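Okay, so here's the structure we're looking at.
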Amino acid sequence: MESAARQPPEPPEQAPHPRAVERGPVGQRRFREAMGLFPTGVTLVTTLAEDGVDQAMTANSVTSVSLEPLLLLVCVEHASRLHDAVLRTGLWGVSVLGRDAEQLSRRFARRGHNTAEVLRRVPHHRGRHTRAVLLDTALATIECRTWAAYPGGDHTILVGEVLSVGMPRPAAPPLVWYRGRYLSLGR
């Protein structure tokens, strides 16, 4: 056993990068870069619009809010076709995507995607409480009823009361969004 005197010294703390502390206004690009350092899961948020047409979008701004009552939050861009539909119906589903769903996530992240065409090729079912599409291959699925909606710049912050939770593939590795690209946690 070596004595403490023979242990190598701890490396000195590194000085902050020159861009670590900035002064002045923060631009969108810099803000996106900073937020990109926070890895998030990737989900598909869905609703069945009043006209019977499914709407869906990829979302990584999803988080649990409360355990009493059970609440979940998602941020929906105003420009998304899902936005107005989900505000009208107040019912929606969330499917947590696995790493094998990257291409699906990319399709639903694009503006102007054809929801019905993409969903025809994906195993799914309708939620019992919301009639929203839930993916059979998801790690987890959650059905929600809108509990509150708040303005958030170019997004609406939806808080949903959780109506049901399913876990079709809880052991599968998740799809992760980090630094503007998809990653997966290995197994």
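Quick notes
- The residues of segment 51-72 that are in contact with a Leu (Cβ under 7 Å, 6 or more places away or on another chain) and not β-branched (Val, Ile, Thr), listed by number, are 54, 55, 56, 57, 64.
- All conditions in (1) in contact with a helix residue (DSSP H, G or I) (Cβ under 7 Å, 6 or more places away or on another chain); (2) under 13 Å from residue 54 (Cα atoms); (3) not charged (D, E, K, R) hold for residue 127, with the sole exception of (1).
- Once segment 51-77 is narrowed to residues that are closer than 24 Å to residue 107 by Cβ and in a loop (DSSP other than H, G, I, E, B), the residue that is nearest to the chain's Cα centre (by Cα) is 60.
- Selection status of residue 58, surrounded by 17 or more Cβ atoms within 10 Å (Cβ to Cβ) and either of a type outside the set (Gly, Ala, Ser) or under 14 Å from residue 130 (Cα atoms) (or both): yes
- Subset of segment 104-140 [in contact with an Asp or Glu (Cβ under 8 Å, 6 or more places away or on another chain) and among the basic types (Lys, Arg)]: 128
- Of the residues 137, 146, the single one that is surrounded by 15 or more Cβ atoms within 10 Å (Cβ to Cβ), β-branched (Val, Ile, Thr) and closer than 20 Å to residue 63 by Cβ is 146.
- All positions within segment 168-187 that are more than 17 Å from the chain's Cα centre (by Cα), modelled with pLDDT of 90 or more and loosely packed, with under 11 Cβ neighbours inside 10 Å: 171
- Candidates in segment 93-126 are the residues that are within 19 Å of the chain's Cα centre (by Cα) and of a type in the set (Lys, Arg); of these, the one that is surrounded by the fewest Cβ atoms within 10 Å (Cβ to Cβ) is 111.
The values are calculated or read from the model by the stated rules, or taken from the named source; none is laboratory data. Computed from a predicted model, the values in this text were never measured in an experiment. Glycine also receives a Cβ, built like all others from the backbone with ideal geometry; neighbour counts cover every protein chain displayed.
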